[in-house]
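Notes follow the structure.
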Amino acid sequence: MLFVRQATTPGMRAARFPADDDDADAADLARAAALGPAVAGAVAWAAPALAARQTATALGLDARVVPTLAEADCGRWRGLPYERVAREEPDALASWLSDPHAAPHGGESRAALAIRVAAWLDSVREEPGGVVVCDAGAIRAGLGHALGLDPLGAGRIDLAPLSTTELAVTREGWRVTHVNRKVLF
């Protein structure tokens, strides 16, 4: 299963909590097209975020949109700069960063994200050669599932936009083939 992190968005560049309607960067989409021949004809899934769908299209994939692959719902923090949340709600942000079950923003916890992505990943074990286009949270959740990491441990994994991460299915579960490979730069 090849995960491709979606293209950069204005929200990523401005250090904001994810918003599903952010457009992907045009230059990144042009770079994504270069990977197209390597993934041509693959079974593909994409997160519902606009940038993920745009990235999948740039890759030449006819991706099925899967709500389960969405980033965690950040509730009232959606689209806000991290710096503003840190200034206005320091205790809530500290709780969210230290407790994977916390959702002080009124959205979804990182633990809930991990559970739903793990369940989806296990449901597609019979289609392991597919391509998934999504943002970092879902990829980290998949890595956490494969490695037995909790959301805090998986959150320490760096994933660049347009990088690939690959998981291989085994009898025992999933094995990590590579992480954060920057093949598109």
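Restrict the check to segment 78-100 and report whether at least one residue is touching a residue at least 24 places away in the same chain (Cβ under 8 Å), touching a Pro at 6+ places or on another chain (Cβ under 7 Å) and of a type in the set (A, V, I, L, M). No, because not a single residue in segment 78-100 is touching a residue at least 24 places away in the same chain (Cβ under 8 Å), touching a Pro at 6+ places or on another chain (Cβ under 7 Å) and of a type in the set (A, V, I, L, M).
Candidates are the residues of segment 144-166 that are over 28 Å from ALA26 (Cα atoms) and touching a residue at least 24 places away in the same chain (Cβ under 8 Å); the one that is surrounded by the fewest Cβ atoms within 10 Å (Cβ to Cβ) is ASP150.
Taking SER163 as the residue in question, decide whether it is hydroxyl-bearing (Ser, Thr, Tyr) and over 23 Å from ASP22 (Cβ atoms). When the stated conditions are applied, SER163 does not pass them. For segment 100-128, which positions are closer than 17 Å to GLU71 by Cα, assigned to a loop (DSSP other than H, G, I, E, B) and not aliphatic (A, V, I, L, M)? Matches in segment 100-128: PRO100, HIS101, PRO104, HIS105, GLY106, GLY107, GLU108, SER109. Taking the numbered list (1) in contact (Cβ under 8 Å) with a residue 40 or more places away in the chain; (2) within 11 Å of the chain's Cα centre (by Cα) in turn, ALA141 passes all entries but (1).
Rundown of residues vs (1) within 14 Å of GLY137 (Cα to Cα); (2) surrounded by 15 or more Cβ atoms within 10 Å (Cβ to Cβ); (3) out of contact with any strand residue (DSSP E or B) (no Cβ under 7 Å at 6 or more places or on another chain), yes/no style:
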| position | (1), (2), (3) |
| --- | --- |
| ALA14 | no, no, no |
| ALA19 | yes, yes, yes |
| ALA26 | no, no, yes |
| GLY41 | no, no, yes |
| ALA72 | yes, yes, yes |
| SER109 | yes, yes, yes |
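So that you can scan it fast, the table gives a plain yes or no per residue for (1) among the polar types (S, T, N, Q); (2) open to solvent by less than 20 Å² (accessible area, probe 1.4 Å); (3) within 21 Å of LEU162 (Cβ to Cβ):
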{"position": "ALA47", "(1), (2), (3)": "no, yes, yes"}
{"position": "THR55", "(1), (2), (3)": "yes, yes, yes"}
{"position": "LEU61", "(1), (2), (3)": "no, yes, yes"}
{"position": "THR68", "(1), (2), (3)": "yes, no, no"}
{"position": "ARG84", "(1), (2), (3)": "no, no, no"}
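Reported count of residues in segment 129-177, each being in a helix (DSSP H, G or I) and of a type outside the set (Gly, Ala, Ser), is 7.
The values are calculated or read from the model by the stated rules, or taken from the named source; none is laboratory data. In this text, all values refer to a predicted model and were calculated from it rather than measured experimentally. With ideal geometry, Cβ positions are generated from the backbone for all residues, glycine too; neighbour counts draw on all protein chains shown. Surface accessibility is based on the protein's heavy atoms, side chains included, excluding ligands, DNA and RNA. Shrake-Rupley method; radii C 1.70, N 1.55, O 1.52, S 1.80 Å.
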